[in-house]
Amino acid sequence: MYVAVKGGERAIENAHRLLADERRGDRTLPSITLEQIAGQLSLAVDRVMAEGSLFDRDLAALAVKQARGDLIEAIFLIRAYRTTLPRFGATHPIETAAMRVRRRISATFKDLPGGQLLGPTFDYTHRLLDPDLAGDPDLPAPALRPELPTAMPRVTDLLGNEGLIEADPAETGEPVGDLTREPLSFPADRDLRLQGLARGDEGYLLALAYSTQRGYGRTHPFVGEIRMGEVEVEIDVPELGFSVVIGRITVTECQMVNQFKGSAKAPPAFTRGYGLAFGHQERKAMSMALVDRSLRAGELGEDRTAPAQDEEFVLSHCDNVQSTGFVEHLKLPHYVDFQAELDLVRRMRTEVAEKREAAE
Amino acid sequence: MNALPPTAATVAHDTPAYNFAYLDEQTKRMIRRAILKGIAIPGYQVPFASREMPMPYGWGTGGVQVTAAVLGPDDVLKVIDQGADDTTNAVAIRGFFRKTAGVRTTTHTAEATVIQTRHRIPEAPLAEHQILVYQVPIPEPLRFLEPRETETRTMHALEEYGLMHVKLYEDIARHGHIATTYAYPVKVDGRYIMDPSPTPKFDNPKMHRSKALQLFGAGREKRIYAIPPHTDVVSLDFEDHPFKVQTFAQPCALCAAEGVYLDEVLLDDKGGRMFVCSDTDNCEERRAAGHRGALAGDDISRKDRS
């Protein structure tokens with residue numbers, strides 16, 4: 001009667017073969033290329049790079065393809081690869097004021113040095129499905145400035161000149177923390193918090209950010225500025241004795257400007273929430289900036305009452321590779337523990353029935 | 001030092017060469033330091049810089065990292081899940097180490113030098129030369145009483161375990177007995193309250209003064225803890241409500257073993273069911289030695305062993 005669940009090895013192998021087949025889809029159609037994914041699904045690739053914490057478009061495109069478009073699975077693939085890479089140093093802080101800006105908008109000033117530069121944005125598009133895109137329609141060439149602007153002052157610097165906004169914290173020269181090398185402990189410093197948020201799940205941060213707007217830890221935010229473009233990455237080379245530029249990466253930066261009524265120690269001034277993400281990811285950068293500001297509640301002497309202000313809650317649950325692993329592990333067999341519970345429930349039901357009979 | 005990260009093309013076409021047992025030596029050293037600290041402070045949860053592994057968090061990444069750190073080329077590895085060697089995740093983890101470490105693997109408990117497990121402790125007593133590595137989902141025994149890590153660490157530091165005793169007492173007040181059947185809390189070496197990982201409480205007595213070294217790895221929660229050999233491990237209870245393990249009304253239907261943990265297998269939709277050993281190796285060895293349960297037809301048991 002009893003057939004044990006044998007042949008697990010073969011079953012797994014067959015399941016993986018079937019998966020590969022489904023990933024490939026209709027074999028009469030050409031396989032999608034990494035260039036197509038990196039070029040035409042570029043925002044998916046950006047998200048995988050950001051939450052995978054690895055700036056490499058080719059590998060991210062490969063991960064998206066291998067994961068059949070499941071971005072959390074793709075992020076997991078990148079993370080598992082990233083963790084095997086040697087770490088040979090930290091770069092200088094990137095200088096976003098010297099960005100080759102492709103998009104820059106401010107919601108706090110109508111015009112400002114450097115101007116508003118819309119760049120490639122979904123904003124103001126009418127969300128109407130475009131049947132032409134089912135094919136490959138001819139597109140007019142974009143109208144571009146001959147030269148991308150560089151060295152555009154940040155709104156926060158302009159406000160800072162008047163002392164209206166808190167100053168950027170001074171560089172301490174201490175090494176920046178890395179939660180992938182040291183286990184996170186609480187309370188966590190802002191460098192680790194920002195690292196956690198930068199790797200954090202976009203949807204989770206979006207929901208938390210949204211909750212602050214609806215009153216769960218309100219921060220009165222304004223978008224001081226969002227900018228997106230290429231920045232240079234510089235690293236010290238000990239053998240040379242000076243730093244060299246090793247490449248350029250695309251980042252999106254969001255500086256939120258938030259009200260602050262002042263405290264016994266500090267006069268009223270605007271405060272900052274900061275968001276930065278690889279690639280073009282405004283939703284992520286904005287959400288991150290809102291949550292960063294919320295997490296500063298303690299430091300600024302505000303009441304900590306809402307989930308978005310609770311660093312242990314926010315940081316312990318923002319990593320989607322961890323979250324998905326633990327949620328999905330419920331698929332694994334649990335029948336030993338279930339057996340123990342089954343036995344207990346049966347026993348307790350019998351006890352209740354006996355008591356009832358005795359009472360009758 | 002590697003020169004440049006590989007491009008998509010080289011990743012697609014070259015099989016990357018990984019270090020013995022996957023993890024690099026630096027990482028293994030870091031994990032071994034955490035293990036040594038854990039052994040020095042039995043039952044204390046040591047934070048460690050858990051790495052991202054090529055399998056999901058919650059699927060044994062902690063156990064896999066501990067195994068990778070203690071495994072040597074001469075070791076013989078056994079991996080079980082729910083007591084069985086052939087459950088899918090056990091198969092996957094065994095395959096991982098066969099591939100990345102090339103070590104010999106076995107299903108025989110006595111033959112293994114390192115046993116990685118999820119949810120069970122083998123029925124056969126372990127020996128001095130063996131290491132038992134547990135996969136741990138939530139290492140903190142106080143977590144469901146107090147969700148904050150900052151709080152629970154303080155509670156451990158102050159040995160402030162009243163909350164746990166109140167919980168167990170409330171069980172007795174409400175149900176007449178302690179209604180915890182797995183992950184039943186233990187006190188290690190008279191000091192730290194420890195979560196034995198979600199093993200059934202049936203297995204708790206096996207941890208007490210075990211001759212084998214017991215290591216616990218929680219990857220997602222980034223904690224390692226340990227029970228050195230011959231250490232006292234006491235399940236929490238009260239004088240008038242002493243700790244008791246589960247008992248089964250019938251022996252294993254295949255090998256007739258008594259006093260072992262059994263799985264219930266549903267046979268039909270009319271309430272037909274049978275109870276068989278959860279520890280598959282123990283069951284097979286007993287059948288090989290000629291023990292026969294009520295439902296052990298000769299042909300089936302031969303098929304089982306194939």
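The values are calculated or read from the model by the stated rules, or taken from the named source; none is laboratory data. Please read all numbers here as calculations on a predicted model, not as lab measurements. Positions of Cβ are backbone-derived with ideal geometry, glycine not excepted, and every protein chain shown enters the neighbour counts. To get the accessible areas, we keep the full protein, side chains included, count just its heavy atoms, and leave off ligands, DNA and RNA. Shrake-Rupley method; radii C 1.70, N 1.55, O 1.52, S 1.80 Å.
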In the range B:140-154, anything more than 14 Å from chain A (Cβ to nearest Cβ) and crowded, with 19+ Cβ neighbours inside 10 Å is listed as B:PRO141, B:LEU142
Restricting attention to the range B:159-185, the residues that are under 23 Å from B:ILE39 (Cβ atoms) and either in contact with a Gly (Cβ under 8 Å, 6 or more places away or on another chain) or open to solvent by 20 Å² or more (accessible area, probe 1.4 Å) (or both) number exactly 2
Within the range B:36-49, the residues that are closer than 27 Å to A:LEU332 by Cα, open to solvent by less than 10 Å² (accessible area, probe 1.4 Å) and not in a strand (DSSP E or B) are B:GLY43, B:PHE48, B:ALA49
For the range B:66-86 the number of residues that are within 15 Å of A:ILE12 (Cβ to Cβ) and either in contact (Cβ under 8 Å) with a residue 60 or more places away in the chain or surrounded by fewer than 22 Cβ atoms within 10 Å (Cβ to Cβ) (or both) is 3
The residue from B:THR88, B:THR61 that alone is under 17 Å from the mean Cα position of the chain (by Cα) and more than 22 Å from B:THR280 (Cα to Cα) is B:THR61
In the range B:105-139, anything open to solvent by less than 10 Å² (accessible area, probe 1.4 Å), of a type in the set (A, V, I, L, M) and more than 18 Å from B:ASP195 (Cα to Cα) is listed as B:ALA112, B:VAL114, B:ILE115
Subset of the range A:59-86, residues small (Gly, Ala, Ser), more than 10 Å from chain B (Cβ to nearest Cβ) and either crowded, with 21+ Cβ neighbours inside 10 Å or part of a helix (DSSP H, G or I) (or both), comes to A:ALA74
A:GLU328 vs (1) assigned to a loop (DSSP other than H, G, I, E, B); (2) without any contact (Cβ under 8 Å) to a residue 12 or more places away in the chain: all pass except (1)
The condition of being part of a helix (DSSP H, G or I), at pLDDT below 95 and in the same structural domain as B:LEU71 (by TED's automatic domain parsing) holds, among B:GLU170, B:GLU146, only for B:GLU170
Residue set A:GLU341, A:GLU351, A:GLU357; condition over 15 Å from B:PRO198 (Cα atoms) and either basic (Lys, Arg) or within 8 Å of chain B (Cβ to nearest Cβ) (or both); output residue A:GLU351
Among the residues of the range B:235-245, is any open to solvent by less than 30 Å² (accessible area, probe 1.4 Å), of a type outside the set (Gly, Ala, Ser) and free of Cβ contacts under 8 Å to residues at least 24 places away in the same chain?
-> no
Contact list, first residue from the range B:266-279 and crowded, with 19+ Cβ neighbours inside 10 Å, second anywhere and in a loop (DSSP other than H, G, I, E, B) and of a type in the set (Val, Ile, Thr), beta-carbon distance below 7 Å, six or more apart or interchain, is B:CYS277/B:VAL260; B:ASP279/B:VAL260
